[in-house]
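For reference, the structure discussed in these notes is given below.
The values are calculated or read from the model by the stated rules, or taken from the named source; none is laboratory data. Here the structure is a predicted model, which means the values were calculated and not measured. All Cβ positions, glycine included, derive from the backbone under ideal geometry; neighbour counts span all protein chains shown. Protein only, heavy atoms only, side chains kept; ligands, DNA and RNA dropped before computing areas. Shrake-Rupley method; radii C 1.70, N 1.55, O 1.52, S 1.80 Å.
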Amino acid sequence: MLVTSSTEGILTPTAVALGKFDGVHIGHQRVIQPILPSAQDQERRGNGENLAEKSTLPTGNLTPLESQKKRIHSTVVTFDPHPHEFFTGQPRTLLTPLDEKVEQLRSLGVEQLVLLPFDKELSALSPQDFVAKILVQQLQCQQISVGEDFCFGKKRTGTAKDLQTLAAKFNIPVTIVPIQTDIDELSTKSSDINTTLTENNRISTSLIRQSLEAGDIEKANRLLGRPYTLTGVVIPGQKLGRTIGFPTANLQLPKDKFLPHQGVYAVRVVIHSQNPEVSANENLGVMNIGNRPTVNGTHFAVEVHLFDWPDDLYSKELVVQLVKFLRPEQKFPSLEALKTQIQLDCTVAREILASY
Ligand SMILES: Cc1cc2nc3c(=O)[nH]c(=O)nc-3n(C[C@H](O)[C@H](O)[C@H](O)COP(=O)(O)O)c2cc1C
Ligand SMILES: Nc1ncnc2c1ncn2[C@@H]1O[C@H](COP(=O)(O)OP(=O)(O)O)[C@@H](O)[C@H]1O
């Protein structure tokens, strides 16, 4: 997937999904879906167009270069830094830091990610100029998809409907995807129609952050449409874990990664092999996020103990999928007491993981 922060050198023409997409959750996935090559083809077939003339796939009569030129490239357009960070000056943690976002978008079938540098100039563009200069001139946009609550242009004055009106002047169709709600949440609450579209059940990045902060991993995972993951390289720790029979792989995470509630989790772990011939394998384990007060830990650590893993893990990349929050971190009176508790954590985690 092409990732660029410049509108020069991008593949055009484009079908664009616009938004911040932190988390790439199931609501985001619905917004992205209409611009994917498969959906574009379906749309054209529905309109009775001859796909050989304007296909997203290379066609027989054209040279590869010509067909590359003709294709409409599925493109996610987002802002970097996050507009919130630009306006407040406060660095913001993310559900999906850049590498993870790229991986998620790639797996959905998106061809390129354009990171518009969110600066004074961009934030001062009127909705009209944003459409004319960025979408039409630079991206040669042929189709747009946004969520119902999308706002754009100076002081966020442009709405999704405004985008539809402005883009229509250039014959660009805009799909406005309705706000998705968490069905499971709704089914457990009142059926009163007025309660259906509250902040509590609207699928959003903030709702996922709140769920992770509260230790409600099942809900966060449901809203994401996949498990929340922590991806990092294994770095050395204090080398105490092995002395109590629970060696732990200490993870170095991107510094802008959003962390869930401190404490102990049941996890699934994918270990990436450096050898491309060997496929990644999945392991089960327990994870602790915290300051390790029992051993007078001096810094915050994210560490994973894998069941049945005998080898060294230093320098390997682990993708840790959160399955369930087990308990908060505690200060134990001795290493022996901590060891007994970790044994219990492992038993509980094994049972939980076997049933998921
Ligand atoms: C499942 C699990 C639960 C843990 N729970 C706690 C805890 O409640 N309190 C605490 O101080 N440390 C806890 N720890 C962290 C241990 O103190 C830590 O793994 C140990 O000191 C080894 O650290 P090292 O890898 O830096 O050598 C936990 C670790 C694991 C793997
Ligand atoms: N089952 C296991 N789970 C996690 N790490 C393991 C396991 N078995 C061996 N290791 C290795 O041992 C190291 C952890 O041992 P530990 O004594 O906790 O040292 P450190 O403080 O450096 O993390 C890991 O980084 C990894 O290389």
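Would you mention how many residues in the stretch 288-314 are open to solvent by less than 80 Å² (accessible area, probe 1.4 Å) and in a loop (DSSP other than H, G, I, E, B)?
Here the count works out to 6.
Taking interchain pairs and intrachain pairs at least six residues apart, which have beta carbon atoms under 9 angstrom, with the first residue in the stretch 230-253 and assigned by TED's automatic domain parsing to the domain that holds Phe300 and the second within 7 Å of ligand 1 (Cβ to nearest atom) and of a type in the set (Asp, Glu)?
Gly237/Glu303; Gly241/Glu303; Thr248/Glu303; Ala249/Glu303; Asn250/Glu303; Leu251/Glu303
Name every residue in the stretch 102-117 that is of a type outside the set (D, E, K, R) and either open to solvent by 40 Å² or more (accessible area, probe 1.4 Å) or farther than 15 Å from Leu2 by Cβ (or both), in order of residue number.
Passing the criteria: Gln104, Ser107, Leu108, Pro117.
Is the stretch 249-265 home to any residue that is over 22 Å from the mean Cα position of the chain (by Cα) and near ligand 1 (Cβ under 7 Å from one of its atoms)?
yes
Among residues belonging to the stretch 192-235 that are charged (D, E, K, R) and not in a loop (DSSP other than H, G, I, E, B), point out the one that is modelled with the lowest pLDDT.
Within the stretch 192-235, the match that is modelled with the lowest pLDDT is Arg202.
Provide a single number: the residues in the stretch 236-246 that are in a loop (DSSP other than H, G, I, E, B) and either more than 7 Å from ligand 1 (Cβ to nearest atom) or under 29 Å from Asp22 (Cβ atoms) (or both).
The total comes to 2.
Does Leu284 qualify as being in a strand (DSSP E or B) and within 11 Å of ligand 2 (Cβ to nearest atom)?
Yes: the conditions hold for Leu284.
Scanning the stretch 290-305 for residues that are over 20 Å from Glu336 (Cα atoms) and in contact (Cβ under 8 Å) with a residue 12 or more places away in the chain, which turns out farthest from ligand 1 (Cβ to nearest atom)?
Filtering the stretch 290-305 for residues that are over 20 Å from Glu336 (Cα atoms) and in contact (Cβ under 8 Å) with a residue 12 or more places away in the chain, the one farthest from ligand 1 (Cβ to nearest atom) comes out as Val302.
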